[in-house]
Structures are given as structure tokens and as C-alpha cells.
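Colleague: Below is one structure. I have some questions about it.
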Amino acid sequence: MADLRRLLHKHGLLPSADPDAFKRPGCDPWELRARGLDKPLKPVEFAVALGHIAKRRGFKSAAKRKAANASGDDKKMLVALEATQERLSRYRTVGEMFARDPDLANRRRNRDGVYDRTASRDDLEYEVKALFAAQRRLGQSCASQELEERYFGIAFRQLPMQDSEKLVGTCAFEPAEKRAAKLAPSFERFRLLTRLVNLRITTPEGERSLTPDELARATSDLGKTARLSVKRVRELIGLPVGQRFTTIKPDEEGRDIVVRTGEAMSGTAALRKALGETLWADMQARPEQLDRIAHVLSFFETNEKIKQQLNELGLDQPILGALLAALDVGAFAKFKGAAHISTKAVRKLLPYLAQGKRYDEACTLAGYDHAASTLSRREQITSKKLFNALVAEVGGSIANPVARKALTEGLKQLWAMRNRYGLPGAIHIELARDVGNSIEKRRELENAINKNTAQRERERDEVRELLNIEDVSGDTLLRYRLWKEQGGRCLYTDKPIPPESIIATDNSVQIDHILPRSRLFDNSFNNLTLAYVAANQHKKNRTPYEWFAQDKAQNDWDEFVARVETNKNLRGFKKRNFLLKNAEEREAAFRSRNLNDTRYAARLLAEAVKLFYPYGNRQERDGRRRVFTRPGAVTAELRKVWGVESLKKVDGQRVSDDRHHALDAIIVAAVSEAQVGRLITSFQQWEQQGLARPFRRIDPPWDDFRADVEAAYENVFVARPERRRARGEGHAATIRQVKERNNQITVFERKAILALKDADLERIKDPERNAAVINAIRAWIAAGRPADALPRSPRGDVITKVRLLSKNKPAVRVRGGTADRGEMVRVDVFSKPNRRGKLEWYLVPIYPHQVMNRKGWPQPPMRAVVAYKDEEEWTKIDSQCQFRFSLYPRSYVKALKSNGEVFEGYFKGLDRSTGAIALFSDRNPKTVYRGIGAKTLLTIEKYSVDRFGVRAEIRGEVRTWHGEAFTSPSPPD
């Protein structure tokens, strides 16, 4: 809108380009849009009408996912558009319809998930052309052709959806080829055959694999249906009633044989249906073209781009026509995502898989190294530049932030060891994986690059249009996505959430973790919901089921289940979160999911570390092996066998201590390949017999091994990096009102009446003016807070929230109000001798909003905390104060009190109310030393800690501000 204001100001329609330039008292933009079709408008009136259209620029989908496959609000909006356009046929433009139609007089905007006021982008573009033409016909010179063209370039500008084709990675087997589309027919056949080859059939004589003839029958006519059930495969291969697939339960034979959720032949079926049987049969001789079609459909987003790419494939005209017709009705909406290898590689492997060869055998026959990765052919990492590039590449392929951090930190630690001690003779890496999984098992790499940025941008446009705002923050977008997913209602209470609440600053609605984050540590979108504050507060640290079971009636739970189950926007995993009854099971499942991500990261780490070594030392054919992986469960058994596991316990109970990782590393380094092999073989034999795993006697690496480990364990120091980045929110999301009352700055906060207590009524703003409101709420509370009879104002409006006097003081000024501060970025430490010549310490907290605001904070804060005083009364840093250093989260600190007591640990934070610091133990972050009063300490020392735990005192630092050295105007001598 800023660009539009500047344009209209430049052309003389607006007196200025200020943010409020469109605000004209007495101007009804709807009326102006209707009147402008027949009567001349003043320049400023014309500007108001044009600005109004630009703010509500209509719905337009450029994506390949059309109405037939639209879901949730997209489908509702498209249906609403049809109704709107039917009504529009009685009027000339959208503006005239809304201005003149009596049925639209009371409401002209969408609300509560109802989109019956939606206009299409095309209709609004037509209206703008009609307005310009009418004003030119009526002699208005301001409605020039030049202005019209430039207006269209700004008001209806839409960034093209980002194609993911350029982000698709290359194939490990065919480096010149991109990875296949997941729904490419060849890849779907490959995936199916891989699954069938690995299946076993239980017969009276024992187990057997599928024969080549059975494989051919199971894959002979794919794509008739998208779903290929286990039952259907039984029929195709003629499996007798008394036989079954070993790993598939009889009652699960109705599901797809390849995927638990989804369809094995989704892409193949879509293409077959689009082409028809005759063209489909003709294309069977050209699998390369079918795969290329799937590539275009999967990695290009807009219909225009897809049509352009399909035209370049050299397809026969009937085939091209059939594809374009199917595209226009949304038949290819599901095409997205990349596989792990290319279709060229797939087509080479298919003949061998069809013969019943395992994946690794098929790779060998096709001339591929099945254990190879995209890293296998890289040059040796010998420089910092090459190492940094490697870290960036492998880190970018991991979506899970915890697993990504583990991977990159592991690489950095090994690089540091290589630089300090030289390249080791061998590197052992523990894999968090199940015992017995072949280390040659196919590694399907995650593709975390293809993010859905186009979808997020489309939703940002929806927010801008729905709420008439320009800047859509990440928090606003998240709240909107949840609001949209929930159909504009709180699922806990079934009450509608007005769209305005998405950006409201009254904390009336909150983002809640469906399954408590403190118990499952799940902060994903699938574990979030937008809920009214009262419901969130009543739910507390419980799952929905626990809350309903403990506080509500059975019918309340039944109604909640019905709301969740009938919400078509919610995905299956999220529905399971809402309805989970056994939280312990989900806690275990969540830990397992993170474990799976860590498994992949560990395997990728092993592949990357091989590059530290030259060719011939990377486990190539006839090459030497330097990097070994150790199954986690094996090393866990050895810790028990060798008596090391007991070091993790006190009085038989396992204690929290990060030195445990050092014990694990010792075992991983000490165990040999032969020992691993013997244990795995033994475990597998016992598991096949349904027995517990044996504790085979394996001699320790050397005599007195356990005693030596115990002695070393006592001296282990856990190194942690200092966190210097000023990340995080600049201020809290809730913005409170600030007013001056009785010459004092007063803060007010909005609170939902459902969360009010009797005492809160005394804090309602302007009690004399709002006496009737207070009495109505008090009576409603006394009546038992009936949900179907909310209190009303003297005008008859339902009261849902009130503004209360807050005890908070202004912290961070935001848009005329105040918000709580973000987490401290750092604490600057100064010293100054007192009258007796003894040093006293002064601590200056630094916050994100100060670091981010260069204009408002050209210099760093200069006031040190004084216990129990307001910030205005804190000690001002003067020329007698000497800067010592800055304390960041995890800075290592040693503090000496006057009584000789020493506190040592990593910096956790500063209490701005007391001026005391908190440190935590290197061994356990949960062991915190609080209340360390800083001012009267004898000394405060800061230490650097390197990757090997070596500590060195920092004698002095230079104070920095906005990345540059800051020197006090009058530094001490």
C-alpha cells in the first residue's frame, strides 16, 4: 500500500503519501465505487475508491490445485465465489453490488470461516477498468491511461509461485540426473517391487519370497486404481487361503501394500485416468515420457508454467490435449515431492527387481554402488573452506532442528580433533538404530529443501486481505493458519473466534500445545491449536482427554470428539493428538520419531566424515575402511557387560548428568568390529526364538578397564558453546494499552470475561463510566457464568472482554502500547571502586528490542540494575566504571563471595528485580545456583571454553554495539 500511496500522491490524487492518506472522514468507499461508474469523483475520492479495491484485491489461485481437489477453506472460498458471481450478474461491478444490494448492507466482509463475501481478482480488475473508463468519459483528467497501467502493476501485483524444480537434488547413482518425482510411474513401480521383493510368504513348509512370475502378475496392470491393497495383491498372485504375508496381519489386508497412509499408485492412476485407456496403452512403450510428465507436474506450480513445460516435451497432440484438460480440472493436485534417486536409475533397476533381486543385488547388477551417497565422489576435505561448504550442505538436508544440530556439531567436533591431533586411524560413530538392520540398507535421503514457501505466501495474502494489514508477522501467520484450520472456532469450547482475534493484543485467544510441551517437547504445527484463554488455563498441563475426564462430563467429551472428527481440515496425526487417551504411549512415540531423525543424521554424519580421508580409505570396492558405525543397542549392552552403565547411577537410580555421553563415547571407541558382529548374530538368533537377548561374555578392551573409566569420568568437564546470537522475539506478542492518569503512566490489559475473578472487577478501566458494565458482569458471575447468556452492555452488545488496570509497568513501547521484554541477549559487566577502594560490580542487561532498534538505541544501555528499584532509579554507568566483559547465555563464570564461597558454572541469567545472577553446572543444566548477589562479590571472572573443555580466563573484552566497538565518551584511566 505504501507504493500505491506514493503513486497516487505523485499523480495528484492524494495530498500526501502518509500511512493515513486514504482515511477520509465521511467518505464511504463502497458508495464511491458505485457512484464512480456514473458520476465524476474528486481526485481524493477516486484515490479512496482505488485504495479500497487494492486492500481487498480478491481471491485468485494460480496453482495447479483447482476446485475439484481443493480442501478446507479453499473449497469453501471457491464455492462462495460461485454464489457471489451469481449475485454479481445483477450488477455492473463488485463495488456497486456491495453498495446497492440490501442483503449485503449489514455485512460486507467474511467472518467466522464464512466466505460468502468473497470477490474474485478478475472481477475486481474488471471494476478498476470500468472505473477508469467511466472517469475518463466524464472528463476527469486524473484517470489517465498511464495511471491505470501503473495502478494495475502495484495493486494486483502477485509474486509468482516458486517452482521447486531447481531445488530438486541430484541422483547418487546418476549425478547428471535430478531425483525422480515421487509420483512418477517408474518410481511407483520401483517402490512397489522393492516392497514385494522384501515380503515373505508363510506357508506350511516355512517362509518363501515371491517368485518372478508372482511379481509380474502383481505389477502387470498398474494404475487402474490408486490404491493397491494387500488383499488385491493376494488375488493377483493367487495366494492360497492358508498362506499369508508374514509381516502383515490378516485384519490389515485391506490397507495399501506399500504405504500405511496414502496410495501406492496415486500418480500412475491419475495419469492413466487423464489419458484414457487407449492413450495410456500407447504410452507404455515410452516410460521416459511418462516420468518426464510427472516431473513437470510435480515440480512446477502454476498451470501456465506446467502447460509451457508440457509443450516442450514433444508429446503427441492427443496426449497433450488430454493432459491439459485434466490439468484444468485439478486432476494432478497430488503431484509433489522428490524421490531419492532418478527415474533413469530406477528404470535400470526395474528389470532386476522384477527378477526378485534385492535392492542391493539389483544395484550391483546395474553397475551401481548401493551404499554410495551423493558425497561419495567428493574430493578430500583438507581446508576450512571445503569443510564449511560440507557443513552447510549436509546440514541443509536435515529438517529436524535437533538432529541437524547434532549432525553439524558432530562434524565440527571431529574437524577440531583432526586439526588438534591429526587425522585418526579410524572413527567410530554410534547409530541410534535397531539391532540387526543391515548397514547396507537403502538410505532414502530426506529432501528438506523443497519447503512450501509458495503456500505460506498465499496465506500471508489471505491475512492481508482478511484483516486489512500490510505486515504479517510469523506469529500472526501461525495464528491465522490455526484459525483457518479450525474453521474459525475454538475446538475446546466450540465458540467462534472472530478474525480480529488473530491480531488482537488482549490475550483473549492463545496458542495452546494440545499435548503438553513439558511432557512431549513437541512444538510442531500438529501439536498446536488456537484456543480461548479460559479454556487454555483450565486445561493446564493436561491432554484434552485428561482435562475432560477429570473436570467435565462424558457428553462433553463425546461432543468434543465429534467436533474433531468432523473437521475435515485437521489431518489424521493432529486428530490423534486431540483425542489421545494414553499420553504415555504418545510420549514414547514422539521420542521414537526424534530418534528416527537422529538415526538418519548419524548415518549422514558417517558419510560426510569419510571425506576427511583420501580416496581408497572410504570403504570403496577394494578400498580401506576408516569410518565405522556402531548400532546403539549393541554398545548399550556392552556398557552393561563391562560395568560402565552403573557409573550413570547413584543408589541404583539413573541420574541426570551430561558426562554420560563421555561414557558412551568410550564404549563406541573401544568396541571392535568383530565384537559387534558376534553380538548382533547372537541377538538375532535369540530374537528368532522369541527369547530375551543374551549377555554374552565379552572381555573388556583391557584389564582394569572399568576402574580406568571411572577415574577418567570424575575429571570429565562438559564443554558448552557461548550463545552470542541475538535471536528470539524482540518483545512479547501481547500489547497492552498505555494511558496517562493523574500524571502517571498507567498500563491496561484486556481480559476475557470467562477468565475474570470477582477481584478483577475492581480493576476495570474507568469504573464510574463503566458502572453498568461492571454490574452486568458481577450479576453474570453470581448467576454461575452461563455460557448461553453472556452479560450485555447498556447498548445491548454482548460483553466478551474488558480492559483492566495492570500492575505491569511500560517495558517495550510498541504501536502506542507496551509489551513485555524479550529474553536478555547479554549482560554487560562493569566494575568500580567504592570509597574504600574495594571493587563493586555493576550489571547492565541488554534486550533484543534494544539490539534491533539502531535508531532508538544508537548507544547501548548505560544503567546497571539496582535491587528492588525501578529502571529510572538504576545506577548510571559513568566515567569511573570500567567495562570488563559481556555475559551471554552459557558464558562460563567463576564468582567469589566475600566469605570465600566460590560459585562456578555457565551463565543462566540475571534477575532484574534483585540484581542477582544464576549459574548452572557443566554436568547438568538443571542444577542451578541462584541468588548470587553480584555487586558485593570479591571477583567475577569469565572464561573461554574450547571444544576440548580447556578453560582460559578472559582478562578483558571490548564492549560492542551493533557489531562495532563502543567506547564510552569518557573512559576511565
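The values are calculated or read from the model by the stated rules, or taken from the named source; none is laboratory data. Note that the structure is a prediction, hence the values are computed from the model and not measured. Please note: Cβ atoms are built from the backbone with ideal geometry, for glycine as well, and neighbour counts cover all protein chains shown. We work out accessible area using only protein heavy atoms, side chains counted, and drop any ligands, DNA or RNA first. Shrake-Rupley method; radii C 1.70, N 1.55, O 1.52, S 1.80 Å.
Colleague: Every residue in the stretch 876-896 that is surrounded by fewer than 16 Cβ atoms within 10 Å (Cβ to Cβ) and over 26 Å from Ala811 (Cβ atoms), please.
Modeller: Ser879, Gln880, Leu896, listed by residue number.
Colleague: Filter the stretch 781-806 down to the residues that are among the charged types (D, E, K, R), out of contact with any Asp or Glu (no Cβ under 9 Å at 6 or more places or on another chain) and in contact (Cβ under 8 Å) with a residue 24 or more places away in the chain and list them by number.
Modeller: The answer is Arg785, and nothing else.
Colleague: Restricted to the stretch 406-461, and to residues that are in a strand (DSSP E or B) and modelled with pLDDT under 90, which residue is surrounded by the fewest Cβ atoms within 10 Å (Cβ to Cβ)?
Modeller: Ile429
Colleague: If only one of Gly856, Gly949 is closer than 30 Å to Ser656 by Cβ and of a type in the set (Gly, Ala, Ser), which one is it?
Modeller: The unique qualifying residue is Gly949.
Colleague: Ok, one more. Quick check on the stretch 731-743. Is at least one of its residues in contact with a helix residue (DSSP H, G or I) (Cβ under 7 Å, 6 or more places away or on another chain), more than 30 Å from Ile774 (Cα to Cα) and open to solvent by 40 Å² or more (accessible area, probe 1.4 Å)?
Modeller: yes
Colleague: Which of the residues that make up the stretch 213-247 are in contact (Cβ under 8 Å) with a residue 40 or more places away in the chain and open to solvent by less than 70 Å² (accessible area, probe 1.4 Å)?
Modeller: Scanning the stretch 213-247 gives Leu215, Ala216, Thr219, Leu222, Gly223, Ala226, Gln243, Phe245, Thr246.
Colleague: Here is a further query. Go through the stretch 823-840 and give me each residue that's open to solvent by 10 Å² or more (accessible area, probe 1.4 Å) and either under 33 Å from the mean Cα position of the chain (by Cα) or over 22 Å from Ala895 (Cβ atoms) (or both).
Modeller: Result: Glu823, Met824, Val825, Arg826, Arg835.
Yes or no, residue by residue, for (1) in contact with a His (Cβ under 7 Å, 6 or more places away or on another chain); (2) without any contact (Cβ under 8 Å) to a residue 24 or more places away in the chain; (3) farther than 18 Å from Arg723 by Cα; (4) among the aliphatic types (A, V, I, L, M):
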| site | (1), (2), (3), (4) |
| --- | --- |
| Ala811 | no, no, yes, yes |
| Thr818 | no, no, yes, no |
| Tyr842 | no, no, yes, no |
| Gln859 | no, no, yes, no |
| Arg863 | no, yes, yes, no |
| Glu872 | no, yes, yes, no |
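Colleague: Can you list the helices (runs of 4 or more DSSP H) lying wholly within the stretch 1-63 that have 3 or more residues being closer than 17 Å to Asn468 by Cα and open to solvent by less than 10 Å² (accessible area, probe 1.4 Å)?
Modeller: 43-55
Colleague: If you don't mind, there's one more thing I want to ask. Under 9 Å between Cβ atoms, which residue pairs at least 6 apart in sequence (or on different chains) link something in the stretch 454-467 that is over 14 Å from Thr302 (Cα atoms) with a partner that is among the aromatic types (Phe, Trp, Tyr)?
Modeller: These pairs meet every condition: Glu459/Tyr480; Arg460/Tyr480; Glu462/Phe59; Glu462/Tyr480; Val463/Tyr480; Glu465/Phe59; Leu466/Tyr480; Leu467/Tyr480.
Colleague: List the residue pairs whose Cβ atoms are under 7 Å apart, where the first residue sits in the stretch 542-569 and is under 23 Å from Tyr480 (Cα atoms), the second is β-branched (Val, Ile, Thr) and surrounded by 12 or more Cβ atoms within 10 Å (Cβ to Cβ), and the two are 6 or more positions apart or on different chains.
Modeller: The qualifying pairs are Pro544/Ile514.
Colleague: As an exercise: evaluate Tyr368 against (1) open to solvent by 30 Å² or more (accessible area, probe 1.4 Å); (2) touching a residue at least 24 places away in the same chain (Cβ under 8 Å) and give the number of the one condition it does not meet.
Modeller: Failing condition for Tyr368: (1).
Colleague: While we're here: So which residues in the stretch 187-225 are small (Gly, Ala, Ser) and more than 18 Å from Gln284 (Cβ to Cβ), if there are any at all?
Modeller: Scanning the stretch 187-225 gives Gly206, Ser209.
Colleague: I want to confirm something. Restricting to the stretch 841-856 and keeping residues that are in contact with a strand residue (DSSP E or B) (Cβ under 8 Å, 6 or more places away or on another chain) and not in a strand (DSSP E or B), which single residue is most open to solvent (accessible area, probe 1.4 Å)?
Modeller: His849
Colleague: Continuing with the same structure: Does Phe335 meet the test of being under 36 Å from the mean Cα position of the chain (by Cα), open to solvent by less than 20 Å² (accessible area, probe 1.4 Å) and closer than 27 Å to Leu611 by Cα?
Modeller: no
Colleague: Same structure, new question: Within the stretch 179-190, does at least one residue satisfy the condition of being assigned to a loop (DSSP other than H, G, I, E, B), surrounded by fewer than 17 Cβ atoms within 10 Å (Cβ to Cβ) and touching a helix residue (DSSP H, G or I) at 6+ places or on another chain (Cβ under 8 Å)?
Modeller: no
Colleague: Can you pull out every residue in the stretch 897-924 that is β-branched (Val, Ile, Thr) and surrounded by 19 or more Cβ atoms within 10 Å (Cβ to Cβ)?
Modeller: Within the stretch 897-924, Ile917 is the sole residue that qualifies.
Colleague: Just wondering, is there one or more residues in the stretch 167-175 that are part of a helix (DSSP H, G or I) and within 30 Å of Ile293 (Cα to Cα)?
Modeller: yes
Colleague: Within the stretch 252-267, is there a residue that is part of a helix (DSSP H, G or I), open to solvent by 30 Å² or more (accessible area, probe 1.4 Å) and closer than 30 Å to Ser209 by Cα?
Modeller: Looking for residues that are part of a helix (DSSP H, G or I), open to solvent by 30 Å² or more (accessible area, probe 1.4 Å) and closer than 30 Å to Ser209 by Cα, one finds at least one in the stretch 252-267, hence yes.
Colleague: Restricting the search to the stretch 747-761, which residues are open to solvent by 20 Å² or more (accessible area, probe 1.4 Å) and over 19 Å from Ser793 (Cβ atoms)?
Modeller: If the condition is that a residue be open to solvent by 20 Å² or more (accessible area, probe 1.4 Å) and over 19 Å from Ser793 (Cβ atoms), then Glu749, Lys757, Asp758, Ala759 are the ones that fit.
Colleague: Still on this structure, please answer the following. Answer yes or no: is there a residue in the stretch 935-943 that is in contact with a Leu (Cβ under 9 Å, 6 or more places away or on another chain), at positive phi and not in a strand (DSSP E or B).
Modeller: no
Colleague: Does Ser898 fit the bill of being touching a Leu at 6+ places or on another chain (Cβ under 7 Å) and polar (S, T, N, Q)?
Modeller: Yes; evaluated as a whole, the condition is true for this residue.
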